[in-house]
Amino acid sequence: MPVYQVNEHEILQEEAAIEHAESETYNGRLFLSDKRLIFEKKGKRGLIRATPPQALLDIYLYEITNVSSAVPKIKVFTKKVLTVEYKHEDETGKARFRLTDPSKWENEIRKWISDAKKQEEERQHREQEELYRKNVEMARAKAGTTNVGVAYYGNPKGSSKPPANRKQDDIIEGDTTSTSIQVQRASPPSNVSTKTCPSCGEPLKPNMKFCPNCGEPLK
């Protein structure tokens, strides 16, 4: 009896024989769940030791590429066979099972393959979305800034001080949907003098008569 996964449900099981690739035939039991197709080879009981059942085939339904059954009209001395082709871990394979009613198994497998492939596509899509989200978070963490894509227009409501992450003489402009930030330097206040001493170049305040640095008389 195979160990089923969480939320995995058995659909069919039946005594069967599998024709191995080396032209050997093993008797056992075939199991079909809503997720996998499993064949367990029969165990053996001996005087010294016993051989437990062995899983010769364990594949997911979304790995099955084709399934067919052969039920001859004349059933005497003729095999009734279920053929399953699959691709597992980048390797292709084919398994042939002898069953009492291979057509029933073919119909059930085809029905559940559709659901299994759809669920696998959704799982891969979720993984891609999760990977994309992690990459975006890592990119944001490496940027080292919390104001990416944020623009400030004036002071916060009820405050006369500029934001803490903004310089007094900077005007930050940008689009909140963009990650770019443009910084425009504001012009100096009009009451600040740009006059300097003609002798030493010392900045001078308005209405000064002598240079505070070299003592040069000022006109």
Counting only residues that are closer than 20 Å to E15 by Cα and modelled with pLDDT of 90 or more, how many does segment 62-84 have? 7
Taking segment 87-113 and keeping residues more than 15 Å from Y62 (Cβ to Cβ) and either in contact with a helix residue (DSSP H, G or I) (Cβ under 7 Å, 6 or more places away or on another chain) or of a type in the set (A, V, I, L, M, F, W, C) (or both) leaves A95, F97, L99, W105
One residue is enough: does segment 122-145 have a residue meeting the conditions surrounded by 10 or more Cβ atoms within 10 Å (Cβ to Cβ), over 25 Å from the mean Cα position of the chain (by Cα), assigned to a loop (DSSP other than H, G, I, E, B) and at pLDDT below 90? yes
Pull up segment 85-100, narrow it to residues that are touching a residue at least 40 places away in the same chain (Cβ under 8 Å) and not in a strand (DSSP E or B), then point me to the one that is farthest from E40 (Cα to Cα). T100
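Of all residues being in contact with a strand residue (DSSP E or B) (Cβ under 6 Å, 6 or more places away or on another chain) and β-branched (V, I, T) in segment 38-72, which is farthest from H88 (Cα to Cα)? Just the residue, please. Give the derivation first.
Residues of segment 38-72 that are in contact with a strand residue (DSSP E or B) (Cβ under 6 Å, 6 or more places away or on another chain), as a first pass: 38-44, 51, 53-60, 63-70.
Next, from what is left, pick out any that are β-branched (V, I, T): 38, 51, 59, 64-65, 67.
Values: I38: 13, T51: 27, I59: 7, I64: 8, T65: 10, V67: 15 Å.
Looking at the filtered set, the residue picked out is T51.
Restricting attention to segment 36-54, and to residues there that are closer than 15 Å to Q5 by Cα and either touching a helix residue (DSSP H, G or I) at 6+ places or on another chain (Cβ under 6 Å) or of a type outside the set (K, R) (or both), which single residue is surrounded by the fewest Cβ atoms within 10 Å (Cβ to Cβ)?
Taking segment 36-54 and keeping what is closer than 15 Å to Q5 by Cα, we get 36-38.
Checking which are either touching a helix residue (DSSP H, G or I) at 6+ places or on another chain (Cβ under 6 Å) or of a type outside the set (K, R) (or both) leaves us with 37-38.
Details: L37: 27, I38: 22.
Filtering segment 36-54 for residues that are closer than 15 Å to Q5 by Cα and either touching a helix residue (DSSP H, G or I) at 6+ places or on another chain (Cβ under 6 Å) or of a type outside the set (K, R) (or both), the one surrounded by the fewest Cβ atoms within 10 Å (Cβ to Cβ) comes out as I38.
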Hey, E121 hits all of (1) touching a residue at least 12 places away in the same chain (Cβ under 8 Å); (2) out of contact with any helix residue (DSSP H, G or I) (no Cβ under 8 Å at 6 or more places or on another chain) but one; which does it fall short on? (1)
Which of the residues belonging to segment 14-28 are in a strand (DSSP E or B) and either surrounded by fewer than 12 Cβ atoms within 10 Å (Cβ to Cβ) or modelled with pLDDT of 95 or more (or both)? T25, N27
Taking only pairs six or more apart or across chains, which ones have beta-carbon atoms under 6 Å, a first residue in segment 46-59 that is among the acidic types (D, E), and a second residue that is modelled with pLDDT under 90? none
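The values are calculated or read from the model by the stated rules, or taken from the named source; none is laboratory data. All of these numbers come straight from a predicted model, not from anything done at the bench. Cβ coordinates were reconstructed from backbone atoms using ideal geometry, including for glycine residues, and neighbour counts include every protein chain displayed.
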